[in-house]
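Everything below concerns the one structure shown next.
The values are calculated or read from the model by the stated rules, or taken from the named source; none is laboratory data. The structure displayed is predicted, hence computed values, not measured ones. Neighbour counts run over all protein chains shown; Cβ positions are idealised from the backbone, glycine included. The accessibility values were calculated without ligands, DNA or RNA, using every heavy atom of the protein model including side chains. Shrake-Rupley method; radii C 1.70, N 1.55, O 1.52, S 1.80 Å.
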Amino acid sequence: MSVESVIPRQIEELLSSHRRNFLKSAGLFAVSLATPGVAQTNPPPGPYRDPDFRQLDSWIVIHQDNTATFYVGKTDPGQGTGTSFRQLMADELDIAFNRTACIMGSTDITVNQGGSGGSTALEYDSRPMRRAAAEARRVLLEMASARLGAPVDQLAVHDAVISLQADPSKRVSYGELIAGKRFNVTLTGNNVMSATGLAKVKPVQQLKYTGQSLQRDDIPAKVDGSLKWAGDVKLPGMVHARNVKPPYAGAKLLSVDEASVRGLPGFVRVLSKGNYVAVVFEREEQAIEGARQLKTSWEKPAAAPFPRSEDLFEYMRAAVPTSKSAPVVEGDPDTSFTSAALKVEAEYEIPFQGHTSFSGAVATADPSNGQMTIYSNDMKSYSMRTCVADFLGLHRDRVRVVWMQGAPSFGRSACEDAACEAAWLAKEIARPVRMQWMRDEETAWDTKGPAYLIKMRGALDAQRALTAYEYNARACDYNHTGYNEPDSVLIAHLMGIRRKTPAPGRASMPSDVYAIPHRRMLGEVVGLPLIWETPLRTGNLRDPDGPQVTFASESFIDELALAAKADPLEFRLQLLGASAREDSGFRRARSLAVLQAAAAKFGWEKRVGPKPRGKGQVLTGRGVAYSFRGQSVVAQMAEVEVNRETGHVWAKRMVCAYDCGLVVNPEGLRRVAECGMLHSLSRALHEEVMFDTEKVTSRDWISHPTLRHADVPETIDVLLVNGDPQPDRPDLSPYGGGEATCKPTLAAIANAIFDATGVRLRRVPFRAARVLAALKAAGVDRV
Amino acid sequence: MSKFTLKVNRRTHTVDVDPTTPLLYVLRNDLDLHGPRFGCGLAQCGACSVLINGAIQRSCVLPMSSVKGEITTLEGLSENGQLHPLQQAWIAEQVPQCGFCQNGQILAAKVLLDKNPHPTDGQIRTALNPTLCRCMTYYRVQAAVKRAAKAIAGASATGEEKEVVA
């Protein structure tokens, strides 16, 4: 395999050749195009328009050589959605997959589909893409009809060539029909999601590339070192910035001694406003040194900003809620609890867990030509554009965001904070600025998934049937940080900008379709003393709240199964099978299907209560958990080994059975599911943000451990299940492909540990010391 | 500032930087290489890994004054337009998600296979354990190492056969 043959056409090549030539000839845009990652001497001057989603030309460009480039308003942080969009669009357009390319997420050249988030890429955002590609095919057929002098119904399309059915020698390629010209076709629809032409999309059975495990187009450049990432952008005159964060949460900046760093090599500026402080130097290592040496003095806040992490749940129990959801009540739970033959109660604790992205957040801002260009790997480039414009007080026509690859950003990561910081500094000093967060900054100051304290109760009747269920969650989520809000990015907080009212936050509910006659579910939000300028600010983290909520709900189902003297899998199947509730998504049928598929693959051993303990040092057990997210349903099973003398837990084998509707790229989806599940395994075994009463003390990979190679299961099986009652539906939709797999893992591991040891762990994470303490308390630590 | 001459990926470069500058920033900012990456700056994650005389080093904490030897980065693994078998295995197994850590994963795997061409599963886990991934591609990384080991063994077996025939 040669390097040439595996490197796809990179964004810069596409932009610099095909599109630039095309645009010049077609006069589509009056802007020159940026070349990400490459030094630019002549950035496009703006204003930056919003590409019009109602113009077919905004979505698809066909080139002279009969290749096509798709322009979509999504970002692909590494799950392969870009390749999947190409599969779907190539199918609708009738062009060979390997003659297509996909450009994503740069605000001035791709329509605004919001970037990525919520695993909606294929479920929702691929729909207008498919319709645009189908419309392009329809229009090309009409053009060919005129060119070849035959009605459309006498034409055939094969791989971007249209020919007469009766005489295939009479033919014309897409390139010959349209290259260098505009489609000039207006789509209809009130918003980008509903954009459509006249053409209908194909039944899914007619899609050729969809369903194939085609290799991802972004991977070769990620393994040969040729990819230019968001953090690799170099611009003429660019300087390097580092933040100097408050040493204590909530501290007030008293003084900055610029003289302490002015003499250092490469010094450019020290900038501060409110409690925000940054240094700017010519070279990167100089900026790091400058941030280290800058003398600042701070005043500690009068009151502690938060309790110690060890005391967090006591604090949350005692706190007065800032808001309560209206309870979700079904039936009459109070009467059921009063008349119960057996009541089960349990309380679960999930601490703050961080994004802790693999690298510190990074962004480069270029203020040339009186405009502002941001190079970022944030998954929501479009709202970043508006946020940066609003934060700086610029008209949004003057701001554009170029999305590029970067370290993982699963939700509201610190990328947005870094972008606003780079932009502010660039505006102040009128030079391009690269802002890079350091490791301690990322771990301590990124947004956190909220901590949850969840109380559950269940009532069983004399026949040990589950009659009532109560879920009561407290989430430490007050002043939840939204996406790209100019008044909630960290620099805004530090500069003293305050929203009128803090964001209320939320406490989420479990997702299941169990038939339980009487239910009550309630969510309450509590806040920490410090809600502004805090390193413990919460924000959406991959499958937001799902791992926390499902840890409690699916652990508790096992506790109820024990009380009902039932096998945990059988108990779930029974609760699912008994339901007669209206179910338009067929979630019940599909839930049963994934549980049964997982059990068959895993070789589920039925038993009531924990496995009889062996005599050895290592105890083994198996656990199950299930949940759904949107229309995607997941069942996971784990086999664990627990070392009773050290408390070490190893998930030796994991099975994930997954129904997310139409599968566009099976091998791609399997890897996404594996990685999502292992991310939650990391949250189950390792991850917890630690803090004292002054600051976050989790600052690196020692004080904030993560999953490593040695933790990885020996075997992982991902089963792609289609449990739809009509599996061959021509309109079968892909459902959310990623985040659902993060949801059930914590509970599956806890349930497996219980099976192995008879000890129920209700506090995450299951680090060895915590597990050993629980085993000791139960007298299980010795053979 | 001091002048340093570096041999990187079979080419010689001269840079003028402070001797305390970590090698990482010279590779990235002066030589415009994108394989080595900033992950932690603390030698804890492996994103910045490079090979120096065939041994793996974390360039984020290695001052220029201590750099002795010939440097190979991820870009330098391919030769004469041919990807290294590890890179080929990485593509075949479709390993990366975001891909940011894969520089460290691939180089750690290279050092392992150079020393031990037929590692057991346990040896792979142990050798790669210091190299982190936050997308959690570990399972596929391990599969790709095994695939590459097989490919290298197969290629060298073929090579030996040819020598015998010649």
Taking only the alpha-carbon positions of the stretch A:564-618 and ignoring solvent, what does the Debye formula give for the base-10 log of I(q)/I(0) at q = 0.19, 0.23, 0.28, 0.30 Å⁻¹? -0.76, -0.95, -1.13, -1.18
State in Å² the accessible area per residue of the protein assembly as shown; use a 1.4 Å probe, count heavy atoms of protein chains only, and round to the nearest integer. 35
How much of the calculated P(r) for the stretch A:711-783 lies past 15 Å, in percent of all Cα pairs? 69
Roughly how much accessible area, to the nearest 100 Å², goes out of reach of solvent when B and A pair up, both sides summed, probe 1.4 Å? 5400
Between A:T335 and A:Q205, what length comes free when the chain is fully extended (0.36 nm per residue of separation minus the Cα-Cα distance, one decimal in nm)? 41.6 nm
Dimensions in Å of the stretch B:1-70 - Rg and Dmax from alpha carbons: 11.0, 29
Taking the Cα atoms of the stretch A:474-600, what is the range of coordinates along each of the three principal axes, in descending order and whole Å? 56, 30, 27
How would B:I71, B:I56 line up by accessible area, probe 1.4 Å, largest first? B:I56, B:I71
Counting only protein heavy atoms, what percent of the accessible surface of chain A is carbon or sulfur at a 1.4 Å probe? 51
Under the span-like rule (Cα at least 15 Å along the axis, Kyte-Doolittle mean at least -0.5), DSSP H helices of chain A: A:81-93, A:126-148, A:381-392, A:415-429, A:546-563, A:587-602, A:666-685, A:745-757
Using only the Cα atoms of the stretch A:505-567, what do you get for the radius of gyration and for Dmax, in Å? 15.7, 50
For labels at B:D32 and A:R182 in the simple 7 Å Cα→Cβ model, what's the distance in nm? 3.6
Taking all pairs of distinct Cα atoms, average 1/r, flip it, and tell me the Kirkwood hydrodynamic radius of the stretch A:227-383 in Å to one decimal place. 21.0
Please compute the Cα-Cα pair-distance distribution of the stretch A:643-717 with 5 Å bins starting at 0, giving whole percents from short to long. 3, 12, 19, 19, 15, 12, 9, 6, 3, 1
Rounded to whole Å and sorted largest first, list the principal axis extents of the Cα atoms in the stretch B:32-166. 50, 33, 26
Reachable lysines from A:K222, Cα under 18 Å, same-chain residues fewer than 8 places away excluded? B:K110
I'd like the Kirkwood hydrodynamic radius of the stretch A:370-454, using the inverse of the mean 1/r over distinct C-alpha pairs, in Å. 13.7
When every alpha-carbon pair in chain A is counted, what percent end up more than 49 Å apart? 22
What does the highest-first list of A:598-606, A:53-61 look like by mean Cβ count within 10 Å? A:53-61, A:598-606
Kirkwood-based shape ratio for the stretch A:585-727, expressed as Rg/Rh from alpha carbons: 1.04
At least 30 Å² accessible surface lost relative to isolated chain, residues of the stretch A:203-232 (1.4 Å probe): A:Q215, A:R216, A:I219, A:K222, A:V223, A:D224, A:G225, A:W229, A:D232
Give me the percent of accessible area attributable to carbon and sulfur for the stretch B:14-166, probe 1.4 angstrom. 51
Positive dipole terminus of chain B, leading residue within B:I71, B:V145, B:V26 (C-beta point charges): B:V145
Rh by Kirkwood over Cα pairs, then Stokes-Einstein D for the stretch A:136-274 at 1.567 mPa s and 4 °C, µm²/s: 58
Fully extended, how many nm does the chain gain between A:Q212 and A:E310 (0.36 nm per residue separation, minus their Cα-Cα distance)? 30.4 nm
What number do you get for the stretch A:682-743 when its Cα radius of gyration is normalised by 2.2 N^0.38 Å, N = residues? 1.84
Test item: Cα-centred dipole of chain A, Lys/Arg +1 and Asp/Glu -1 on Cβ, debye: 220
Which parts of the stretch A:635-678, residue by residue, lose 40 Å² or more of accessible area when the rest of the protein chains are there, as against the chain isolated (1.4 Å probe)? A:R671, A:E674, A:C675
Beyond 19 Å, what share of the Cα-Cα pairs of the stretch A:410-469 is found? Please give it as a whole percent. 58
Could you give the radius of gyration (one decimal) and Dmax (whole number) of the Cα atoms in the stretch A:656-777, in Å? 18.0, 58
